[in-house]
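Notes follow the structure.
The values are calculated or read from the model by the stated rules, or taken from the named source; none is laboratory data. Predicted model only: the values in this text are computed from it and were never measured. Quick reminder, even Gly has a Cβ in these numbers, built from the backbone with ideal geometry, and neighbours come from all protein chains shown.
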Amino acid sequence: MSDTSAPPATRIEPPVTEEAEGFWDATRRRELVLPWCGHCRRAFWYPRPVCPSCLRPDVGWKPASGRGQVHAVSVMYRPANPTMAGRVPYAVALVDLDEGVRVMSNVVGIEASEVKVGMDVAVTWEAMSDGRNLPLFAPDARTP
Ligand SMILES: [Zn+2]
């Protein structure tokens, strides 16, 4: 089964693991969700079948704000793989989401060299070839 409206793959697309199915399903609706422990009452990252803090399997999915701050950034002047060759220079960043988890992504919508630690960012989406959407981040209006 293929979705003819989806664009061809222009980057390496993450595989869907069993633990991350709920995450990727939500990206089809451009919703960012995080794994959530019902006992600890907090989000964690990456998706896994038990909470990394209490080891209980009481985990589910909870919508995230999509907002956060850049914790660290690297500007890639040489592509990490051939599919990224047309995007250099690009910014690979660790983003601290407001929900307290740290994720790795790209910051787009700004010159890569202008991405700064502490910058407020918000999720934006890039369509993938199979109907999923890849969460990326762009400067958020909270930054003056
Ligand atoms: Zn827990």
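The residues on offer are L32, L55, and the sole one that is within 24 Å of L94 (Cβ to Cβ), modelled with pLDDT of 95 or more and not assigned by TED's automatic domain parsing to the domain that holds M104 is L32. Against the conditions (1) within 16 Å of the ligand (Cβ to nearest atom); (2) surrounded by fewer than 17 Cβ atoms within 10 Å (Cβ to Cβ); (3) part of a loop (DSSP other than H, G, I, E, B); (4) not acidic (D, E), P79 satisfies every one except (1).
Hey, does region 26-49 have a residue that's without any contact (Cβ under 8 Å) to a residue 12 or more places away in the chain, under 19 Å from L134 (Cα atoms) and either away from the ligand (no atom under 16 Å from the Cβ) or in contact with a His (Cβ under 6 Å, 6 or more places away or on another chain) (or both)? Yes, region 26-49 contains a residue that is without any contact (Cβ under 8 Å) to a residue 12 or more places away in the chain, under 19 Å from L134 (Cα atoms) and either away from the ligand (no atom under 16 Å from the Cβ) or in contact with a His (Cβ under 6 Å, 6 or more places away or on another chain) (or both). Contact map, region 118-134: residues that are under 23 Å from S74 (Cα atoms) paired with residues that are of a type in the set (V, I, T) and modelled with pLDDT under 95, Cβ distance under 7 Å, separation 6+ or inter-chain. Pairs shown: M119/T143; D120/T143. The lone criterion from (1) surrounded by 17 or more Cβ atoms within 10 Å (Cβ to Cβ); (2) in a strand (DSSP E or B) left unmet by E99 is number (2). Applying the set (1) modelled with pLDDT under 95; (2) in contact with a Ser or Thr (Cβ under 6 Å, 6 or more places away or on another chain) to V92 leaves exactly one unmet item: (1). Within region 103-123, the set of residues being farther than 16 Å from V33 by Cβ and not in a loop (DSSP other than H, G, I, E, B) comprises M104, N106, V107, A112, S113, E114, D120, V121.
Of everything in region 50-71 that's part of a strand (DSSP E or B) and hydrophobic (A, V, I, L, M, F, W, C), which residue is nearest to the ligand (Cβ to nearest atom)? Once the filter is applied, the top-ranked residue is V59.
So which of S105, S74 is in the same structural domain as A138 (by TED's automatic domain parsing), touching a Leu at 6+ places or on another chain (Cβ under 8 Å), more than 16 Å from the ligand (Cβ to nearest atom) and within 29 Å of A141 (Cα to Cα)? I'd like the intermediate steps shown before the answer.
On the way: S74 fails: touching a Leu at 6+ places or on another chain (Cβ under 8 Å).
One residue alone meets the criteria, S105.
Residue count for region 12-46, restricted to those that are part of a loop (DSSP other than H, G, I, E, B), surrounded by fewer than 17 Cβ atoms within 10 Å (Cβ to Cβ) and of a type outside the set (F, W, Y): 13. Among residues of region 77-101 that are on the phi < 0 side of the Ramachandran plot, those with a beta-carbon under 8 Å from a residue that is in a helix (DSSP H, G or I) at least six positions away or on a different chain give the pairs P79/A85; P79/R87; P89/A112; P89/S113; Y90/M84; Y90/A112; A91/A112.
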